[in-house]
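A short worksheet on the structure shown next.
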Amino acid sequence: MHVRALEGVDGVLAPASTDAALDHRAVTQYRQRLRDLDEELDEAERHADSARAEQVAGERDALIEQLTTAFGLAGRPRTSGSDPDERLRKAVSARVKATIDRVEALHPVLGRHLRCSVRTGYWCSYEPEHPVEWTVVGHRHR
């Protein structure tokens, strides 16, 4: 089943924004700030100012993290929105895994079976290693 069906979503979801996470001007400013920080770090290290070097290195690392988040493979800009099907895939996969974890805590053999048999992704399926004949015995919950 597709994750949309599991979530009860009819049809195709509207895509999120395709705008780049950072515009060209912001990228230029970030890159300039990165060059400035590199110079400040060199200067702090030349003067053996370890406190300043640590502070600048921290800011530099945070800036690099922001730039890394804004760009994907091969330096292509990431969009500011996320793909709705991808959000559904992640949500469904997380819920299925959590449910199997709970089953496994109560019934380890069944949990292992489900962990090995349930496939998640955009399309989810139950594909047991060996054919299984299920017998359901009535059980009352209180």
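Contact order normalised by length for the range 83-126, with contacts defined as Cα pairs under 8 Å and 6 or more residues apart; what percent is it? RCO, the range 83-126: 39 percent. Legend: ranking of residues L6, L110 from fewest to most surrounding C-beta atoms inside 10 Å; resulting order L110, L6. Neighbours of E104, meaning other residues whose beta-carbon lies under 9 angstrom from its beta-carbon, give a summed charge of +2 when Lys and Arg score +1 and Asp and Glu score -1. Of R46, R87, the sequence from fewest to most neighbouring Cβ atoms within 10 angstrom is R46, R87.
Over the range 83-126, the reciprocal of the mean inverse Cα-Cα separation, the Kirkwood hydrodynamic radius, stands at 10.8 Å.
Simple rule: put +1 on each Lys or Arg Cβ and -1 on each Asp or Glu Cβ in the range 24-75, find the dipole, and look at H47, L37, H24; the Cα lying farthest toward the positive end is H24.
Every number here is computed from the coordinates shown, using simple stated rules; none is lab data. It should be emphasised that the depicted structure is a prediction, and the values quoted were computed from it without experimental measurement. Quick reminder, even Gly has a Cβ in these numbers, built from the backbone with ideal geometry, and neighbours come from all protein chains shown.
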